[in-house]
1. 5 Å is the cut-off here: which amide hydrogens, built 1.01 Å from N in the peptide plane, fall below it relative to Asp302, excluding neighbours closer than 5 in sequence?
2. In terms of modelled amide H atoms, which long-range or inter-chain residues lie less than 5 Å from the amide H of Gly250?
3. I'd like to know which of Gln16, Leu203, Ala57 lies farthest towards the positive end of the charge dipole of the chain, counting +1 on Cβ of Lys and Arg and -1 on Cβ of Asp and Glu.
4. Show me the GluC sites (Glu not before Pro) within region 1-46 that DSSP assigns to loop and that have at most 14 other Cβ atoms within 10 Å of their Cβ.
5. If you place +1 on the Cβ of every Lys and Arg and -1 on the Cβ of every Asp and Glu, how big does the dipole about the Cα centre of region 52-202 come out, in debye to the nearest 20?
6. Are any of the pairs Lys2/Lys199; Lys177/Lys282; Lys199/Lys358; Lys45/Lys117; Lys241/Lys358 more than 22 Å apart by Cα-Cα distance, and if so, which?
7. Find the Rg to Rh ratio for the chain, where Rh is the Kirkwood radius over alpha-carbon pairs and Rg uses the same atoms.
8. Given R₀ = 51 Å, what would the calculated FRET efficiency be for Glu289 paired with Thr25, taking r from the Cβ atoms and rounding to 0.05?
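The values are calculated or read from the model by the stated rules, or taken from the named source; none is laboratory data. It should be emphasised that the depicted structure is a prediction, and the values quoted were computed from it without experimental measurement. Heads up, the Cβs are rebuilt from the backbone with ideal geometry, glycines too, and the neighbour counts pull from every protein chain shown. Surface accessibility is based on the protein's heavy atoms, side chains included, excluding ligands, DNA and RNA. Shrake-Rupley method; radii C 1.70, N 1.55, O 1.52, S 1.80 Å.
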Amino acid sequence: EKGNYRHFMLKEIYEQPETVGRTMTNYVDEFRLSADAPEGLGFAKIDRIIIIACGTAYYAAMVAKYWFEQIADIAVDIDVASEFRYRSPVVSQDSLFIAVSQSGETADTLAALRYCKDKGLRTAALVNVMTSTMAREADIALPINAGPEIGVASTKAFTSQLTALASLTLAAGRARKTISRDAEIRLTRALTQTPRLIKEALLLDESIEAIASDLSGKSSAFYLGRGAQTPIALEGALKLKEISYIHAEGYAAGELKHGPIALIEDGTPVIVIAPYDTLFEKTVSNLQEVASRGAFIILVTDETGAASAKDMADEIIVLPNSDSFVAPIVMSIAIQLLAYHTAVARGTDVDQPRNLAKSVTVE
Ligand code: M6R
């Protein structure tokens, strides 16, 4: 039931302080400040992780690649399932395969899981629906426990996928001895604070709605990010296009000069995702490049970032400061609300967008 919410999507956006907290209880010991993963994943011994998914789940996998590589020093290959399954991928027995799927039924992701299982890899499925085919067929089913997601546009499943993958990264870091106990405590504590930060982010709803009313009159938009915010830019663009039908593209900010900047005209909206982290200055310089060509800049940042760059944007969305480890989770709330309100302003069918199905069980 939608309760007092106008759409399931909005309800699901608002559930996130709770759903992210619930995901964490499956992996994180808040008293010991450490994360646990099922033994069978074999983090200490594997030489590579292959994460396969589609759509929003793929963007969660993309964030996880940054995390696993930086924190647990494991090579991570990611691919969209429809490409992976048809390109004769070379896989080694020492790799761990993880399918990420809200439904656990997506046909291409399931085929990728079966392919790797046939090759003798250890397989895991990170799913919301624990009775799904993927959960049954994988060696290890990993829950996100976000509760049923009804809106076709994935929101709470995404932040829960990120939360589970962040937890697994910390467990892998410990198993592989790539992080000190101090770092583990700091990162785990940062993770346990995300429900509170999401709650604060949700307070921006009205101000984001006002910005969305400007965006709703545009015919195309660009999203930029760097590092682990690149997938959030891609996810922001996906969310906007699928429910508002505005043409939207997400790019790694550094790629802009290599082509897409040619599309920037006077008034083209560019949503720049840039919390104050080690890449902030670089992203801001990309922001200036598009601003000087007339782009309408919507800066999505945190308090520290806002203090340093607020004069450079036409509109600004200021999220609470967070450890850069969990910032992709916090930033997600802003891009979800922005897409939601833009779609509502355009009068589209937010929960049942045209041409889309909740679960893609055909190839
Ligand atoms: O159930 P799955 O997570 O496997 O679904 C994957 C995609 O179909 C899904 O994330 C899709 O991209 C959503 N409509 C995005 O909002």
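1. Tyr276, Leu319
2. Residues meeting the amide H criterion: Tyr223.
3. Projecting each Cα onto the dipole axis, the largest value belongs to Ala57.
4. Counting only loop positions with at most 14 other Cβ atoms within 10 Å, the GluC sites (Glu not before Pro) in region 1-46 are Glu1, Glu30.
5. Dipole of region 52-202, to the nearest 20 debye: 400 debye.
6. Long pairs (Cα-Cα over 22 Å): Lys177/Lys282; Lys199/Lys358.
7. 0.95
8. 0.70
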